[in-house]
Amino acid sequence: MEKPDRVSKATRFIGQLEGKTKGPTVVFFGGIHGNEPAGVKALEQVFARLYQVPLEIKGAIFGIRGNMPALLQKKRYIENDLNRLWSEAQIAQIEKKPRSILGPEERELLDLKQTLGTLLQNQAPPFYFIDFHTTSSKTLPFITINDALINRKFSQQFPVPIILGIEEYLTGPLLSRMNQLGYVSLGFESGRHDEQVAVANSIAFFWLTLVFAGVLQKDDVPDFERAYRQLTESALNNSDFYEVVYRHILHPHDAFTMLPGFENFQKVAKGRLLAWQNEKKVKAQKNTTLFMPLYQEQGGEGFFLIDKISKRALAWSIVLRKIKFDDLLVCLPGISWHSPEKRELLVNLSVARFFAKSFFHLLGYRAQDKDGNRVLMHSRELTAKNAMYRDEVWYRE
């Protein structure tokens, strides 16, 4: 097992360990948002422990700092949200700029992209990417994923809620980039920014990830049962699947104030006052579940709304994807492949209006671009590197 001479807070890598035995490569990110240091603190603690009491690992483990300038200033970002810059179009635009005129987050993106490229080139598959975050409201710990079955299957091992579909409402998250490349990628929201339990939950998630990915054996982690219990109890025994159904958008000059006291996963009744925006009331339009209410100055979303997904719907989505039902959809009027690679569906809403968005969700498609009556539906299922994970224990179960 290799160990760097020192781990400096000024370096990109929080820690890195490579075992003598072939195995997976697990990459953890902390501090992609600079006002969310819990993930960085957790990674500093677990790597410090691993250096003092080394374990026999298979493969490699890396801990990476995200937005280092923002972490130093304890801000979500300096000029641009680093977790909204990772679309193909944005990356291409940033790469064309002279280095001298790049903003802080643009420089961070290019450095992180180069770091990730080096890891993907030099380390062995299968790859796992875990992004640690926290929220501005009190919350249960939870996982966010792009809805590919490899993400679902790996995520189901953790005793926390799993949120699908947030990529349909956000442009340019880092993990959407990694999913676009086909790898297992999870976001883990460990708690509220200022809570010590957020660090404890991130540490627990770290150990469980290494065991579930096959980097460590369960018996080699003395704290495994305690870590599992830590997440189970923090999540109040909730390990259900949910889907994002609404995003309350904020514009740069909006005056938005969330009413105090709301918590993540809180049920709210239709008509309840949630916030004030530009001196106007924002009320719940139906009985719903509140998700990630905003209690910080920076952010592009005031809140989201989520619905619980039934086990029957989850089961049907697996069946429909395995039989490649989307190949039949293009035989219907108003639906066609967008390109010869067959990775996106082009849906003409004026012709195919009989198909609800929820049906495309079952197949793993999420709407990203809209041009008049036409919607481009993207599928992470068609880009997922399933063959890379086929021999993993969690994939076969």
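Just so you know, all these numbers are worked out from the coordinates, no wet-lab data involved. Remember, predicted model here, so these are calculated numbers, not experimental data. Every residue, glycine as well, gets a Cβ built from its backbone with ideal geometry; the counts of neighbours run over all protein chains shown.
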- line: For Ser358 and His253, extending 7 Å from Cα along the Cα-Cβ vector and measuring point to point gives, in nm, a value of 4.0
Packing-based exposure ordering (other Cβ within 10 Å, fewest first) of Glu95, Glu167: Glu95, Glu167
query: Taking Cα pairs under 8 Å and at least six residues apart, what relative contact order does the range 255-350 come out at, in percent?
result: 17
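I want the local charge near Ala275. Using Cβ-Cβ distances under 12 Å, sum +1 for each Lys or Arg and -1 for each Asp or Glu among the other residues.
Working: positive: Arg272, Lys280, Lys281, Lys283; negative: Asp254, Glu279, Glu301.
Once all neighbours under 12 Å are counted, the net charge is +1.
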- prompt: Which of Lys75/Lys342; Lys96/Lys385; Lys138/Lys281; Lys74/Lys97; Lys22/Lys97 have a Cα-Cα distance over 31 Å?
  reply: Lys75/Lys342; Lys22/Lys97
query: In a GNM of the chain with a 10 Å cut-off on Cα contacts, which of Arg99, Arg366, Arg65 has the highest mean-square fluctuation?
result: Arg99
message: Connecting C-alpha atoms closer than 10 Å in a GNM of the chain, tell me which of Asn35, Asn264, Asn278 has the biggest fluctuation.
response: Asn278
field: DSSP-defined beta bridges in the chain - what % are antiparallel, rounded to 5
entry: 60
statement: Using alpha carbon centers only, the range 31-62 is separated from the range 101-159 by a whole-angstrom value of 14
task: Evaluate the distance, in nm, between pseudo-label points positioned 7 Å from the Cα of Lys218 and of Trp316 along their respective Cα→Cβ axes.
output: 3.4
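May I ask you to derive the FRET efficiency for Lys286 and Ala48 from their Cβ-Cβ distance with R0 = 45 Å, giving the value to the nearest 0.05?
Details: r = 48 Å, r/R0 = 1.06.
After rounding to 0.05, the efficiency reads 0.40.
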- prompt: How large is the dipole of the range 262-397 about the Cα centre if only Lys and Arg carry +1 and Asp and Glu carry -1, each at its Cβ, rounded to the nearest 20 debye?
  reply: 580
- line: In the chain, whole DSSP H helices that both stretch 20 Å or further along their axis by alpha carbon positions and average at least 0.5 on the Kyte-Doolittle scale are 196-213
Note, ³J(HN,Hα) from phi for the range 182-195, Karplus 6.51, -1.76, 1.60, rounded to Hz, x at Gly and Pro: x, 9, 5, 9, 10, x, 10, 9, 8, x, 6, 3, 9, 9
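Explain nothing, just the number: relative contact order of the range 323-379, from Cα pairs under 8 Å at least 6 residues apart, as a whole percent. Write down the numbers at each step before the final one.
Numbers: 76 pairs, mean separation 17.7, N = 57.
Once normalised by length, the contact order is 31 percent.
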